[in-house]
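A.B. asks: Got a structure for you, questions after.
Coordinate-derived values only; no laboratory data. The structure displayed is predicted, hence computed values, not measured ones. Note that we place each Cβ from the backbone using ideal geometry, even for glycine, and neighbour counts take in every protein chain shown.
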Amino acid sequence: MNTSPLVLDGLCKTYPNGKVAVSEISLTVEPGTVFGLVGPNGAGKSTLLKLAAGLLRPQQGSVRCGDEIVTGSPVKAARHMVLMPDPLGVYTDITCRQYLQFFAQATGDPAAAGRIPGAVEQLELGSWLDQEVETLSAGWQRRLALGRVLLADPAIILLDEPAAGLDISARVELLAFVRRLADKKRTLIISSHILPELEQLADQFGIMNQGRWVPVVGGSNFFGRDDLNRGIGRSFWRLRTTDANRALALAAGEGVRVHLEGGVLEIDTDEPTGASAALRRVVNGGLDVLEFGPVKSDLSALVLEKLGVGGKNHGT
């Protein structure tokens, strides 16, 4: 496996019916990075992954893996990457062993068959090898699909809704395994609607809507987990005092929005200095402050805000 960055440059894709699926999308994901691709249904996420994998040819733009241009060429792209699509498209009337043997042969790499035991061990598929695929639960079918990814030993992995339809336990196990793939310096892009898990898994994020990136803060299209922890875009603070109702009246000011939530004052400001000014007004008003601190941003709330759906841009 040769570690390679994935570089998408100015991709545009319009379908024959006139629908613009992807418009001027550029993105570079470095080895060892998990990039979280988020957005509503129909935003163009799946189309973007298919363009990256060479399964669709863009009207404009290019796809580069390392030093090789793979635009619109699934054969060239397959030398660098594997796409696990949604839906999976698994064959259900064969055994798990036959499934892995088929995809090992399909890679065209003579070494792929030798990777089957390692993939089986990593994914704990041993007890299912002689069972037909249709007898597996959704979670185990997704593990099996990840098995075919491991057989190709790609530098770049594209996952489209890898945890769709899984219960909480299966999601945690699957996403932990995906994280281990990135720790081996692979390049990963994951499209997912399950944002709490994606927030813990990905290093960088981008929000798509109507085929374009949605600017997040300072004109930038991308942000990281550290940005979320610092409170991206706007500043949210939590204030607990000896008199919540009086604090509510004292804290309000220009550029500061306050409300009570369970006896705790939540302060929403355009700048961090707005929170300190609100705190000063509360203290000067004679109230004792029992708790004061920032509230980290929440990926789900941030996405809703940037898409104009509503909701507060913070979590606990």
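A.B. asks: Cut-off 20 Å, label point 7 angstrom out along Cα-to-Cβ of Asn245: give me the residues of the stretch 271-290 whose amide nitrogen falls inside.
C.D. replies: Hits in the stretch 271-290 for Asn245 at 20 Å: 282-283, 285-290.
A.B. asks: Right, something else. Dipole of the stretch 6-228, Cα-centred, from +1 at each Lys and Arg C-beta and -1 at each Asp and Glu C-beta, to the nearest 20 debye?
C.D. replies: Rounded to the nearest 20 debye, it is 540 debye.
A.B. asks: How much length is gained on full extension from His259 to Thr28, taking 0.36 nm per residue of separation minus their Cα-Cα distance?
C.D. replies: Fully extending the segment from His259 to Thr28 adds 79.1 nm.
A.B. asks: Mind listing the Cα extents of the stretch 116-162 along all three principal axes, in Å, largest one first?
C.D. replies: The principal-axis extents, from largest down, are 30, 25, 13 Å.
A.B. asks: Considering the options Val82, Thr242, Ala163, tell which one lies farthest towards the positive end of the dipole of the chain, charges being +1 on Lys and Arg and -1 on Asp and Glu at the Cβ, about the Cα centre.
C.D. replies: The residue sitting most towards the positive pole is Val82.
A.B. asks: If you don't mind, another one. Relative to the present Cα-Cα distance, how much length would full extension add between Ser169 and Asn229 at 0.36 nm per residue of separation?
C.D. replies: That works out to 19.1 nm of additional length.
A.B. asks: With a sphere of radius 12 Å drawn around the Cβ of Ala164, what net charge do the other residues whose Cβ falls strictly inside it have (Lys, Arg +1; Asp, Glu -1)?
C.D. replies: -3
A.B. asks: A further question follows. Do you know the relative contact order of the chain, to the nearest whole percent, from alpha carbon pairs under 8 angstrom that are 6+ apart?
C.D. replies: Here the relative contact order equals 19 percent.
A.B. asks: Also: If I take every Cα pair under 8 Å that is 6 or more residues apart in the stretch 1-129, average their sequence separation and divide by the length, what percent do I get for the relative contact order?
C.D. replies: Rounded, it is 20 percent for the stretch 1-129.
A.B. asks: Between Glu121 and Val75, what FRET efficiency follows from the Cβ-Cβ distance if R0 is 35 Å, with the result rounded to 0.05?
C.D. replies: After rounding to 0.05, the efficiency reads 0.70.
A.B. asks: Please give the per residue volume of the convex hull enclosing the alpha carbon atoms of the chain, rounded to a whole number of Å³.
C.D. replies: 149
A.B. asks: Could I ask something else about it? Taking 30 Å as R0, compute the FRET efficiency from the Cβ-Cβ separation of Gln98 and Asp67 and round it to 0.05.
C.D. replies: 0.25
A.B. asks: Which entries in the list Lys45/Lys76; Lys76/Lys184; Lys50/Lys184; Lys19/Lys50 go over 18 Å, if you measure between the two C-alpha atoms of each?
C.D. replies: Violating the 18 Å Cα-Cα cut-off are Lys45/Lys76; Lys76/Lys184; Lys50/Lys184.
A.B. asks: So, one more: What order, most packed first, do the peptides 171-183, 23-35 have when packing is the mean number of other Cβ atoms within 10 Å of each residue?
C.D. replies: Packing order, densest peptide first, comes out as 23-35, 171-183.
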